[in-house]
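The values are calculated or read from the model by the stated rules, or taken from the named source; none is laboratory data. Quantities reported herein were computed from a predicted structural model and do not represent experimental measurements. A quick note on method: Cβ atoms are made from the backbone with ideal geometry, for glycine too, and the neighbour counts reach across all protein chains shown.
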Amino acid sequence: MAHYRADHVGSFLRSAELLEARKAAANDPARLQAIEDRHILGVLARQKELGFDIFTDGELRRRNFMSDFTDAVEGFDFSGAVGREWHAGKTDGAAVSSITGIVHKKLHAVRPLTGHELPFMKTHSPGDIKMTLPSATQFPAISYRPGVTDKVYETHSALLWDIVEIMKTELTRLSTQGVKYIQIDAPRYSYFMDPKWRAWIKTEMKIEPESLLEESIRADNACFAAARRPGVTLAIHLCRGNNRSHWYAEGGYDAIAEKLFGSLDVDRFLLEYDDERSGTFEPLRLIPKGKTVVLGLISSKRPQLEDSAEITKRVQEAARYVPFENLALSPQCGFASTAEGNLLTEDQQWAKLKLVVDTARQLWKEETVPAARRG
C-alpha cells in the first residue's frame with residue numbers, strides 16, 4: 001500500500017475565468033469544458049512540480065464537493081436547502097454557498113457520478129489518481145425535509161440505503177478502472193462531536209445520535225467494501241464544515257473515536273487538526289494498528305502560511321499516539337469545497353501545498369520523493 005506522506009483533500013481554488021464560464025455554461029457548454037480542461041492540466045502540472053505523488057483534478061468540474069452526485073442523480077430540488085448556522089471566527093465574513101437541494105423524488109442515477117471526470121484524468125494524470133466522493137451519510141442530514149422527502153422515503157434510513165446502492169456502483173467502477181486512491185468526504189460525522197448537533201439529531205431527525213452513528217458507519221463500510229481491491233487505497237476525510245472559510249461544528253474526536261476509528265474499514269483517516277476546534281491528539285491512541293492518520297495541520301481556510309518547524313513539532317506530538325511510520329501530512333480540508341472557494345489567493349494556496357510537500361519530505365526523508373521525480 002502506498003504511503004503518500006504528502007497528501008491533500010482534493011479541491012483547489014477556481015479562477016475568475018472558470019467561475020464566469022460556469023455561470024454561462026447553459027449558453028456555451030463546450031466553452032466551459034475547454035476551460036475546465038485547460039485549468040485541470042494546469043493544476044496537474046502544478047501538483048507534479050510541487051512533488052505530490054497523488055493527483056486530483058482539483059474538483060474543477062464541480063459546483064461543490066457533492067455535485068458529482070447531485071448532478072448525476074435525479075431527485076433533487078435545488079430551490080430549497082436545509083439551513084445551518086455557519087461560523088467564520090476572526091475571519092472576515094463572506095456569504096456561504098447553498099450546496100445541496102432537497103430530495104423530492106425517488107433517486108435515480110442517470111450517468112456515472114464521475115463519468116465526466118475520470119476519462120480525462122486517466123489520459124492526463126502524471127501519476128496515481130485520487131478521486132473524491134461525498135459520503136452517503138451526507139444527504140439524509142441535509143437533503144431530507146419533512147413534508148417533502150418523507151412522501152418518497154418514509155425515513156432518513158430508507159434514503160441513506162438507497163444512496164448507498166448508487167455509491168457502491170460508482171465505487172466499484174472507480175476501483176476497477178485504475179483509480180489508486182479513493183477518498184470519501186464525510187463531514188456529517190462532525191455532528192456527533194458537537195453537543196449542539198447531537199441535540200439537533202434528536203430533535204430534528206428524531207433519531208438517537210449513537211444509533212445514527214452506528215448506522216452511518218455501516219453505510220460507509222458497505223461503500224468501502226464495494227471499492228476494496230488490491231492496490232487501491234481507501235480513505236475517509238472528516239471535517240467540521242468548509243464553505244467560504246466558514247465552519248458549522250466544533251469538538252474533538254473523543255466522542256466518536258472508539259467506534260469510528262475502530263469500525264471504519266479504511267486505510268487512511270484524513271483528520272482536521274488546524275486549530276483548537278479539533279481537540280487534542282489523544283483520541284488517536286484508538287487508531288487501529290497499521291492504519292494511516294493524515295494530519296490536517298495546514299489551514300485551507302486562512303491565508304497565513306504556517307511555520308514548518310511548528311508543523312514538524314505537532315507531527316512529533318501526534319507520534320506519541322500513532323507510530324511515526326503511520327502518519328502523513330495534508331491541509332485540513334479542501335481549498336474550495338464550494339466553487340466560490342475559501343478566502344485566500346491561489347498563490348497562498350500553492351504556498352501551503354508546497355509547505356505540505358517540503359515538510360513531509362523533511363520528516364520522512366527520501367521516502368517522500370515521488371517516483372516521477374527520481375532519477
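Quick look at the numbers
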| item | result |
| --- | --- |
| Qualifying residue in region 20-40 (condition: out of contact with any strand residue (DSSP E or B) (no Cβ under 7 Å at 6 or more places or on another chain), in contact (Cβ under 8 Å) with a residue 40 or more places away in the chain and surrounded by 21 or more Cβ atoms within 10 Å (Cβ to Cβ)) | yes |
| Residues within region 200-217 that are assigned to a loop (DSSP other than H, G, I, E, B) and among the acidic types (Asp, Glu), tallied | 1 |
| Qualifying residue in region 271-281 (condition: among the small types (Gly, Ala, Ser) and surrounded by 17 or more Cβ atoms within 10 Å (Cβ to Cβ)) | yes |
| Exclusive hit being charged (D, E, K, R) and under 25 Å from Thr359 (Cβ atoms), set Asp267, Asp254 | Asp267 |
| Failed item in (1) within 12 Å of Gly296 (Cα to Cα); (2) not in a helix (DSSP H, G or I), with Ala336 passing the rest | (1) |
| Yes/no for Ala158 being more than 19 Å from the chain's Cα centre (by Cα) and free of Cβ contacts under 8 Å to residues at least 40 places away in the same chain | yes |
| Flag for Asp68 being crowded, with 17+ Cβ neighbours inside 10 Å, charged (D, E, K, R) and modelled with pLDDT of 90 or more | yes |
| Tabulated pairs, region 300-326, first farther than 18 Å from Asp7 by Cα and hydroxyl-bearing (Ser, Thr, Tyr), second at pLDDT 95 or above and not in a loop (DSSP other than H, G, I, E, B), C-beta under 6 angstrom, 6+ apart or interchain | Tyr321/Leu284; Tyr321/Arg285 |
| Matching residues in region 336-350 - criterion: being within 20 Å of Thr132 (Cβ to Cβ) and either polar (S, T, N, Q) or surrounded by 24 or more Cβ atoms within 10 Å (Cβ to Cβ) (or both) | Ala336, Ser337, Thr338, Gly341, Asn342, Gln349 |
| Residue count for region 303-335, restricted to those that are more than 19 Å from Gly10 (Cβ to Cβ), surrounded by 20 or more Cβ atoms within 10 Å (Cβ to Cβ) and modelled with pLDDT under 95 | 0 |
| Unmet requirement for Lys354, which otherwise passes all of (1) among the charged types (D, E, K, R); (2) assigned to a helix (DSSP H, G or I); (3) over 30 Å from Leu32 (Cβ atoms) | (3) |
| Residue tally, condition at pLDDT 95 or above and in a loop (DSSP other than H, G, I, E, B), over region 218-268 | 9 |
| Boolean, Glu367 is of a type in the set (Asp, Glu), assigned to a helix (DSSP H, G or I), surrounded by fewer than 22 Cβ atoms within 10 Å (Cβ to Cβ) and at pLDDT below 95 | yes |
| Among the candidates Ala226, Ala219, Ala186, Ala235, residue that is farther than 29 Å from Ile298 by Cβ, without any contact (Cβ under 8 Å) to a residue 60 or more places away in the chain and either of a type outside the set (Phe, Trp, Tyr) or in contact with a Lys or Arg (Cβ under 7 Å, 6 or more places away or on another chain) (or both) | Ala226 |
| Glu258 surrounded by fewer than 17 Cβ atoms within 10 Å (Cβ to Cβ) and not hydroxyl-bearing (Ser, Thr, Tyr) | yes |
| Residue in region 196-208 that is under 19 Å from the mean Cα position of the chain (by Cα), free of Cβ contacts under 8 Å to residues at least 60 places away in the same chain and crowded, with 18+ Cβ neighbours inside 10 Å present | no |
| Matching residues in region 296-333 - criterion: being assigned to a loop (DSSP other than H, G, I, E, B), under 17 Å from Leu353 (Cβ atoms) and not hydrophobic (A, V, I, L, M, F, W, C) | Ser299, Ser300, Lys301, Arg302, Pro303, Gln304, Glu306, Asp307, Gln332 |
| Pair list, Cβ under 7 Å, 6 or more apart: region 62-81 residue more than 25 Å from Leu18 (Cα to Cα), other residue modelled with pLDDT of 95 or more and in a loop (DSSP other than H, G, I, E, B) | Glu74/Val110 |
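Let's see how each residue does on (1) touching a Gly at 6+ places or on another chain (Cβ under 8 Å); (2) at pLDDT 95 or above; (3) surrounded by fewer than 20 Cβ atoms within 10 Å (Cβ to Cβ):
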position: Lys122; (1), (2), (3): yes, yes, yes
position: Leu133; (1), (2), (3): no, yes, no
position: Lys151; (1), (2), (3): no, yes, yes
position: Thr155; (1), (2), (3): no, yes, yes
position: Trp161; (1), (2), (3): no, yes, yes
position: Arg188; (1), (2), (3): no, no, no
position: Tyr191; (1), (2), (3): no, no, no
